Amino acid sequence: MGQATSDDAGVYKISETTALIQTLDFFTPIVDDPYDFGAIAAANALSDVYAMGGKPLTVMNIVCFPIKEMDKSILKDILRGGLDKIHEAGAVLVGGHSVEDPEIKYGLSVTGLVHPDKVLTNAGARAGDGIILTKPLGTGILATAIKAKLASDETERKMARIMATLNRWAAEVMSSFTVNACTDVTGFGLMGHALEVAHASHVVLEIDSAQVLVIPEALEFAGMGFVPEGTHANKNFCSKSLQVAESVDPIMVDILADAQTSGGLLIFSPQAEELLRALRDREITDAKLIGRVSSEHEKGALRVL
């Protein structure tokens, strides 16, 4: 597969029954606890394989660490958090690479497997598809608040738990249903990733903002005007293809543009209501039906209602 539609990972067909999925992601700490950081970074990297409809197979660590300035126990906790998520994913750690760096960074290079006929891309959404989001929004706003020492320890723990949750379970459920497109919500926010699907699929998407689940503390910080610069950049990037109803609260628009880390899957399915029930039966209770694909053969646009 090429790069034309900005999919979540690269896919290379090696036979009629097997294709490789390859992805890489790493970043600086967004929470204070080293173990949580490792788990979140690993879940984030693994997510791209799930978004493409595949299963992670092998993993390599990517580590930058100031080994002369910081205790080795911090590095061990980061790697332990990542390894626990790798094991939870059913994948195998086969190596990695580390460099001495004044700023901590951690992530994974992941190789997964998928049947070539079951690859999910962001170019397949069709008119009539329901749109499901499997995790709440707001982690970007909260991460910024945590760095500024404004969020409580309880809020940080809640955010870490959401981000460290693997998309494996949602991906396993959706594999039993007709799914036309899928992506995961990360740095471009729900708004940006939804528009990627709209453009790649030549469709118009309608998002019901009232149905989008938001972490309550993130909504509070956004209401206080605590919005990261990246949110404004995402809104500006999307503005030419975005239509927002006058009734939508501007704070909610900020939330929709909030850059996420290890966000949920954004699933496009003609069986959305049945899929949603199955997700909730699997105790993925944050999953919500947030909109639909309204028309095809368009340049690609997003309407927020």
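Only the coordinates and a few stated rules stand behind these numbers; no lab work does. Predicted, not measured: the structure shown is a model, and the values here were computed from it. Here Cβ is always computed from backbone atoms with ideal geometry, including for glycine, and neighbour counts include all displayed protein chains.
Of the residues L113, L83, only one is part of a helix (DSSP H, G or I), aliphatic (A, V, I, L, M) and surrounded by fewer than 21 Cβ atoms within 10 Å (Cβ to Cβ); which?
When all the criteria are applied, what remains is L83.
Please verify whether the stretch 170-188 includes one or more residues that are of a type in the set (F, W, Y), part of a loop (DSSP other than H, G, I, E, B) and touching a Ser or Thr at 6+ places or on another chain (Cβ under 7 Å).
Checked the stretch 170-188: at least one residue is of a type in the set (F, W, Y), part of a loop (DSSP other than H, G, I, E, B) and touching a Ser or Thr at 6+ places or on another chain (Cβ under 7 Å).
Which pairs do you get when a residue that is of a type in the set (K, R), found in the stretch 54-74, comes within reach of a residue that is surrounded by fewer than 18 Cβ atoms within 10 Å (Cβ to Cβ), reach meaning Cβ atoms under 6 angstrom, with the pair 6+ apart or on two chains?
K55/L113
If you go through the stretch 121-137 one residue at a time, how many are in a loop (DSSP other than H, G, I, E, B) and surrounded by fewer than 24 Cβ atoms within 10 Å (Cβ to Cβ)?
Final tally of qualifying residues: 7.
Mind checking which residues of the stretch 158-180 are basic (K, R) and either under 19 Å from F226 (Cα atoms) or surrounded by 13 or more Cβ atoms within 10 Å (Cβ to Cβ) (or both)?
Of everything in the stretch 158-180, those that are basic (K, R) and either under 19 Å from F226 (Cα atoms) or surrounded by 13 or more Cβ atoms within 10 Å (Cβ to Cβ) (or both) turn out to be K158, R168.
Okay, residues lined up against (1) aliphatic (A, V, I, L, M); (2) assigned to a helix (DSSP H, G or I); (3) buried (at least 23 other Cβ atoms within 10 Å of the Cβ):
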{"residue": "A200", "(1), (2), (3)": "yes, yes, no"}
{"residue": "V204", "(1), (2), (3)": "yes, no, no"}
{"residue": "G230", "(1), (2), (3)": "no, yes, no"}
{"residue": "Q260", "(1), (2), (3)": "no, no, yes"}
{"residue": "R280", "(1), (2), (3)": "no, yes, no"}
{"residue": "V293", "(1), (2), (3)": "yes, no, yes"}
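With surrounded by fewer than 22 Cβ atoms within 10 Å (Cβ to Cβ) and of a type in the set (A, V, I, L, M) as the only criterion, which of L46, L20 stands out?
Matching residue, one of L46, L20: L20.
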